[in-house]
Amino acid sequence: MDILVVGGGGREHAIIKKLKENPQAGTIYALPGNGGIAQDAVCVPEIGAKDLDRIVDFARSHSIGFAVVAPDDPLALGCVDRLHEAGVPCFGPDAKAARIEASKVFAKNLMKRYGIPTARYEVFDDSAKALAYLKTASFPIVIKADGLALGKGVLIPQNLPEAEAAVKSIMEDKAFGDSGSEIVIEECLTGPEVSVLAFTDGRSIAPMVSSMDHKRAGDGDTGPNTGGMGTVAPNPCYTPDVAAECIEKIFLPTLAAMRAEGCPFKGCLYFGLMLTPDGPKVIEYNCRFGDPETQVVLPLLKTDLLTVMQAVENETLGELTVEWHGGSAACVILASGGYPGSCEKGKEITIPQDLPVTVYHAGDKLAEDGKLVTSGGRVLGVTAVGGTLHDALKEAYAAAERIGFEGKYMRHDIGQRALRALEG
Ligand code: AMP
Ligand code: GLY
């Protein structure tokens, strides 16, 4: 059976490598894919992830037996709806269910209506009202643009002048485009953050191994927010007791809420959680696999991924036991110098053949002479699996040091917080 994967980053590479383990998987196509994914799949660089007409035409003309839509944009645009209309079975939520990520106002109102723990909040579509509200607020406070904003739509001003500037930049200067027509202003929560990705067919849920992202660019969680500079799994803060509480108070109520709203969620639902002194609360939902969470979570999946994804599509997930390997995984992102700002591209990448890790390719391409060169901010994700987190980190960093390209940048403290939590 031939398979199509929409997307072209490290997350998609991790999905493709795992799908390939199924002997029934025929040719895997990546639309658009990237330079490194081309070693594992047939990439079609001319078809972008948001090019729905061409994605559907491609699926039809290539008799695709199963499709996986990984990034948020095509999901929010209705790529799964379109593929289903064309008779292609696929993994991912339809556009109505993808609103759980694509509209923060939808997600916050859903949580309020169904009693799912989250930060207290107000919604504004008028900057004068938002500015008046801020005068009564306490700081720090969290301001979020309603729509998709490449993970940059969240600001945490420390005082009133900063907050006023944030509202003006989002609502009046449209710093995040139309995604800032409405904003959410919410209470600033504290506590360790945990990412939990979960397979769900709308009724049953199979939470994956928990993980921890490192969103800030610099060591010690300093510098600007990025798409993620590294991840570890499992997250030691997510104990069995916390997991049981999350399933009861957050995961199952979220599925029931989506069903009650007439938009059952099928696919990978990402719970961004904060373990506050008052219990776990939802910081955000994503309607997709996390990047780079997927690069540490899927290597620990024991059950065949294609089988799980088909069970989600067929709504038979409840009949399947999804199993996980023990041990830990760590992923260190190698970025281009300057990331998350503008960075130089086109630098040749050298990767030794004998690395005892998996290298997931995110931002690279094959140059005309066939050499692999950088083409984006996050270039590679180096994932190691080990018996302990310490072992996994040691191996990931040893390999990361041996990979070369001009301007290579990485954080040197991925996993340190998790190690401290394990010791504490
Ligand atoms: P997001 O883009 O929604 O993942 O948010 C980016 C980051 O902002 C999160 O990973 C949190 O660290 C932080 N954040 C978002 N909402 C809150 C909140 N209500 N309280 C504290 N931190 C938050
Ligand atoms: N790593 C965070 C995300 O995928 O949203």
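The test for being among the β-branched types (Val, Ile, Thr) and either assigned to a helix (DSSP H, G or I) or within 16 Å of ligand 2 (Cβ to nearest atom) (or both) does not hold for Ile185.
Every test in (1) part of a strand (DSSP E or B); (2) touching an Asp or Glu at 6+ places or on another chain (Cβ under 7 Å) is passed by His412 save one, and that test is (1). The lone criterion from (1) under 30 Å from Thr254 (Cβ atoms); (2) touching a helix residue (DSSP H, G or I) at 6+ places or on another chain (Cβ under 8 Å); (3) among the acidic types (Asp, Glu) left unmet by Asp73 is number (2). For the range 283-308, taking the residues that are in contact with a helix residue (DSSP H, G or I) (Cβ under 8 Å, 6 or more places away or on another chain) and more than 16 Å from Ser210 (Cα to Cα), the one that is farthest from ligand 2 (Cβ to nearest atom) is identified as Leu306.
Taking the conditions (1) surrounded by fewer than 16 Cβ atoms within 10 Å (Cβ to Cβ); (2) over 17 Å from Asp40 (Cα atoms); (3) touching a strand residue (DSSP E or B) at 6+ places or on another chain (Cβ under 9 Å) in turn, Lys371 satisfies each one other than (2). Here Val385, Val379 are screened, and the one residue that is within 11 Å of Ala335 (Cβ to Cβ), in contact with a Ser or Thr (Cβ under 8 Å, 6 or more places away or on another chain) and assigned to a strand (DSSP E or B) is Val379.
Residue by residue, here is whether (1) touching a residue at least 12 places away in the same chain (Cβ under 8 Å); (2) within 16 Å of ligand 1 (Cβ to nearest atom); (3) under 13 Å from Ala97 (Cβ atoms) holds:
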| position | (1), (2), (3) |
| --- | --- |
| Ala257 | yes, no, yes |
| Pro277 | yes, yes, no |
| Glu293 | yes, yes, no |
| Leu300 | yes, no, no |
| Leu320 | yes, no, no |
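Of all the criteria given as (1) within 16 Å of ligand 2 (Cβ to nearest atom); (2) surrounded by fewer than 21 Cβ atoms within 10 Å (Cβ to Cβ); (3) among the β-branched types (Val, Ile, Thr), the one not satisfied by Thr321 is (1). Among the residues of the range 183-196, some residue qualifies, meaning at least one is at pLDDT 90 or above, on the phi > 0 side of the Ramachandran plot and out of contact with any Phe, Trp or Tyr (no Cβ under 6 Å at 6 or more places or on another chain). Of the residues Val209, Val232, the single one that is within 16 Å of ligand 2 (Cβ to nearest atom) and part of a loop (DSSP other than H, G, I, E, B) is Val209. Within the range 263-271, at least one residue is among the hydrophobic types (A, V, I, L, M, F, W, C), away from ligand 2 (no atom under 14 Å from the Cβ) and under 17 Å from the mean Cα position of the chain (by Cα). Of the listed requirements (1) farther than 26 Å from Lys50 by Cα; (2) among the charged types (D, E, K, R); (3) touching a helix residue (DSSP H, G or I) at 6+ places or on another chain (Cβ under 9 Å), Lys174 misses just one: (1). Within the range 186-204, residues that are within 18 Å of Glu248 (Cβ to Cβ) reach partners that are near ligand 1 (Cβ under 9 Å from one of its atoms) and small (Gly, Ala, Ser) with beta carbons closer than 9 Å, at six or more positions or on different chains, in the pairs Val194/Gly272; Val196/Gly272. Could you check the range 212-226 and list, in sequence order, the residues that are β-branched (Val, Ile, Thr), part of a strand (DSSP E or B) and surrounded by 17 or more Cβ atoms within 10 Å (Cβ to Cβ)? Residues satisfying the conditions do not exist here.
The values are calculated or read from the model by the stated rules, or taken from the named source; none is laboratory data. Fair warning: this is a prediction, and the values are worked out from it, not measured in the lab. Positions of Cβ are generated from backbone atoms using ideal geometry, with glycine treated the same way; all protein chains shown enter the neighbour counts.
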